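Right, one structure below, let's go through it.
The values are calculated or read from the model by the stated rules, or taken from the named source; none is laboratory data. Since this is a predicted model, take the numbers as computed values, not measurements. In this analysis, Cβ positions are derived from the backbone assuming ideal geometry, glycine residues included, and neighbour counts consider all displayed protein chains.
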Amino acid sequence: MERFNYKAISAKGRIVRGVLQATDDKDLYHILRKQGLELVDAKKHGSGFRLGLMKGRVHTRDLIQFFVQLEQLQGAGVSLLDSLDNIRDAMEAPALRDITAELHREVSSGKTLSEAMADYPKVFGHVFRSLIQAGEETGNMQDSYRRLINHLKWSDAMRSRVKKAVRYPAILLIVIVAVVALMMGYVVPQIVSFLNDIKIDLPPLTVALIATSEWFKEYWWAVPVVPATLWGLLKTLRALSEGFTYRTDSLLLRLPLFGRMLRKIYLARFAHTFAVMFLSGMDILRCLDAARRTVPNLVLKEALERAREQVGEGNSLALSLGATGEFPSLVTLMVQNGEETGNLPPVLEQVAEFYEHDVDNQVDAMIQMIEPALTLVLGGTVLWIAAGVFGPIYNSFETIGQM
């Protein structure tokens, strides 16, 4: 049996790409015909196939559409294979359409949907596969799809909050750097040449301005290169050293304003994921495993690992989280209340909702603080340039008047 990269056309005229095992081209043609696909081109499978298949990005909105269609078709009594076939033909996103074709192939060959999704971990993360697996075990796939849709919508909203916290200050900072670089590289040198022509003694403020301008003219490339190099070095060190990653993650959590906001985002993500998994019928240990994978910060990830060990030894979830020292008393108290009343998922949803609103308020407050601070930086730079340029000119006019 050979593995072939294929390009085919569905009944609705959609281009579908994938990989299949077949004895030869004719066998591949017949296999695709059974799936309602018309073969266009086929080549023997190469190492670059996965990159070719995953060309293009799968957006969260596309995944929401994918699971909404699965949930609706499941509710209508359509089989999984027929559902994947219909979704493949209706999908607008090329990358997800190709992946859906592969899911259809693997499910038709005997794999479960969660097993087929495991081949695409960057698209269908651990939470996806765990919820689908839970639905397969309980026989309630429609409920799993519904929970996944809610989880995706919540994750998309949280991601928008994070982008909101970063995008505006970053744009404002870039504008400020660009304005300062333009003035130092082009405007100030022209005025400096005029100051040199009138041959007057320059004050220290102007001398410093000229030195800064000359540095920008000589080393302008350092403005974009140095930050990019430092960022690349930071990512490399984090990839190579777990100890360095732990120290930087710990530092991030302890930053005065940004650190508190980051911790709240991670806690909201943990609480929401745990609640979703727990409601799907998973035990606490599996829920902790799934929730831990959604937290990228190594400090909190290791804290959740310690909490999981203590829960496995028979301790309560609230006591285990509190013993790590990384979870606020509000979280542990609410979790304890949920355990005592038997309403842990709703309580965790309340924790997530509380931190969502708190993050929104903190993002707005941070933007309100950053905007005037950066404006002051820009205003101070312009004032420095004005004082350094017009000060000597004014003094020269005053000297001429005294003569």
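Tabulated values for the structure
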{"item": "Hits in region 139-156 - residues which are surrounded by fewer than 18 Cβ atoms within 10 Å (Cβ to Cβ) and in contact with a helix residue (DSSP H, G or I) (Cβ under 8 Å, 6 or more places away or on another chain)", "result": "Gln142, Asn150, Lys153, Asp156"}
{"item": "Members of region 158-167 found to be out of contact with any Asp or Glu (no Cβ under 8 Å at 6 or more places or on another chain) and touching a residue at least 60 places away in the same chain (Cβ under 8 Å), listed by number", "result": "Arg159, Val162, Lys164, Ala165"}
{"item": "Helices (runs of 4 or more DSSP H) wholly inside region 1-97 that include at least 2 residues being among the small types (Gly, Ala, Ser) and at pLDDT 75 or above", "result": "80-90"}
{"item": "Exclusive hit being under 23 Å from Pro169 (Cβ atoms) and under 29 Å from the mean Cα position of the chain (by Cα), set Thr294, Thr229", "result": "Thr229"}
{"item": "Condition met for Gly135 (at pLDDT 80 or above, outside any helix (DSSP H, G or I) and among the small types (Gly, Ala, Ser))", "result": "no"}
{"item": "Helices (runs of 4 or more DSSP H) (entirely within region 187-294) containing at least 3 residues that are surrounded by fewer than 12 Cβ atoms within 10 Å (Cβ to Cβ)", "result": "188-198, 204-218, 222-240, 242-253"}
